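Okay, structure first, notes after.
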Amino acid sequence: MKVLSVVGARPQFVKLAPVATALRAAGHEHVIVHTGQHYDVAMSDVFFTDLGIPAPDTHLAVGSDTHGRQTGAMLAAMDGVLEEHRPDWVLVYGDTNSTIAGALSAVKMHLPLAHLEAGLRSFNRRMPEEHNRVLTDHAADLCLAPTEVALGHLAAEGLADVSVLVGDVMTDVLLTVRDAVAGTENVLPGGVDPAQRYYVATLHRAENTDDPQRLRAIVDELAGLDAPVVLLAHPRLRARAAEQSLDLSRGAVVATDPLPYPALIRAAMDSAGVITDSGGLQKEAFLLRVPCTTVRTETEWTETVDLGWNVLAGGVSGLAEAVARPAPQATDATPYGDGHAAERVATALEAAGRGRALA
Ligand code: UD1
């Protein structure tokens, strides 16, 4: 079986890592296409190096642009790539512009399409990711769901017949990296003392970064926290803060560049809490049993909230209060699987491929 993965943004490289390993272990041919949506070394290359992902076979180098132009550039470039490889499956990941571009290119070429991390919903149609994931699920021949909740959403939208629960591949990576970095020295950026209480924060979503008043209010809340906040600043956050002459490093906040994945997990592991608008980090905090406060009004990873480890503080004004809440109740729940989701992805692709009598 020949699988062609389309990735382009930071969280997709994390998801690709265990899938690449599982496909290789099962003896399948795997072609990796990098769209170039993320291109800074800290946003792309370090993930390939640190997580042992084979170098991309093809790099489309599209770079940043408006959503339409960025997605369109990927779509235009994909035709030749798919023509050359004619894979048994095109595999797309998550909910970024690279996901929807990979999905559209596959269906236009009549190639079987599988969507990894299918069925997640925020029910917020103002998020570009919500459109990307809904449209990709409905285009896909195979929806690979990370959770029971996601599987339920797919069923409710009439997609039960093409859906299978595989678990969350980010859990596969997290558990491996957690075990590898546990016991290693925790070196925090910005000179923050890891022996003291500290928080880890990330902010990158347009709804938080692009409204000057809102961004200022969030940074004010972080600045007033009772311990240092290591703010791992995505390039978008840096750019918007600079446009607004907003100094990110003030009060408790120490703004630094994004960390490589193992260093991020090491930092989060010993932190007093995580504050984020990232989807992946909410879940990683839960898996590390670190309280998370999410700067959004909704989440796709509702299990983290239901189990008490994540609080939504989209209103911003209650953010500091939410961060200071008492520790949640211990839990041994495993809503995100057992760390072997990627193996199930390989098996599901094979099984569905046989059903479809692929050449
Ligand atoms: C994208 C995804 C989002 C995901 C996030 C992970 C979409 C619609 N959004 O958001 O779902 O959570 O990736 O990080 O696909 N930039 C750089 N260097 C880079 C990449 C980006 O400087 O390597 C800057 C550019 O100014 C760019 C901006 O960041 O315009 C935003 O990048 P983009 O890929 O459009 O969206 P993200 O916010 O990263």
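The values are calculated or read from the model by the stated rules, or taken from the named source; none is laboratory data. Model, not experiment: these values are computed from the prediction. Glycine gets a Cβ as well: all are built from the backbone with ideal geometry, and neighbour counts include every protein chain shown. Calculation scope for accessible area: heavy atoms of the full protein, side chains included, ligands and nucleic acids excluded. Shrake-Rupley method; radii C 1.70, N 1.55, O 1.52, S 1.80 Å.
A compact table of results
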quantity	calculated
Pairs where the first residue, in the range 261-284, is part of a loop (DSSP other than H, G, I, E, B) and the second is crowded, with 24+ Cβ neighbours inside 10 Å and of a type in the set (Val, Ile, Thr), C-beta under 6 Å, 6+ apart	Ser271/Val200; Asp277/Val295
Only listed residue being open to solvent by 50 Å² or more (accessible area, probe 1.4 Å), over 19 Å from the mean Cα position of the chain (by Cα) and within 19 Å of Val345 (Cβ to Cβ), chosen from Asp88, Asp79, Asp141, Asp65	Asp141
Listing of helices (runs of 4 or more DSSP H) fully contained in the range 44-161 that carry 3 or more residues being over 20 Å from Gly353 (Cβ atoms) and within 16 Å of the ligand (Cβ to nearest atom)	45-50, 67-85, 97-108, 128-139
Hits in the range 201-219 (condition: away from the ligand (no atom under 11 Å from the Cβ) and closer than 13 Å to Ile275 by Cβ)	Ala201, Ile218, Val219
Residue in the range 266-276 that is away from the ligand (no atom under 16 Å from the Cβ), assigned by TED's automatic domain parsing to the domain that holds Asp193 and open to solvent by 40 Å² or more (accessible area, probe 1.4 Å) present	yes
Single unsatisfied condition, Leu231 versus (1) more than 21 Å from the chain's Cα centre (by Cα); (2) open to solvent by less than 40 Å² (accessible area, probe 1.4 Å)	(1)
Residue within the range 189-201 that is open to solvent by 40 Å² or more (accessible area, probe 1.4 Å) and modelled with pLDDT under 95 present	yes
Failed item in (1) in contact (Cβ under 8 Å) with a residue 60 or more places away in the chain; (2) within 16 Å of the ligand (Cβ to nearest atom); (3) outside any loop (DSSP other than H, G, I, E, B), with Val254 passing the rest	(2)
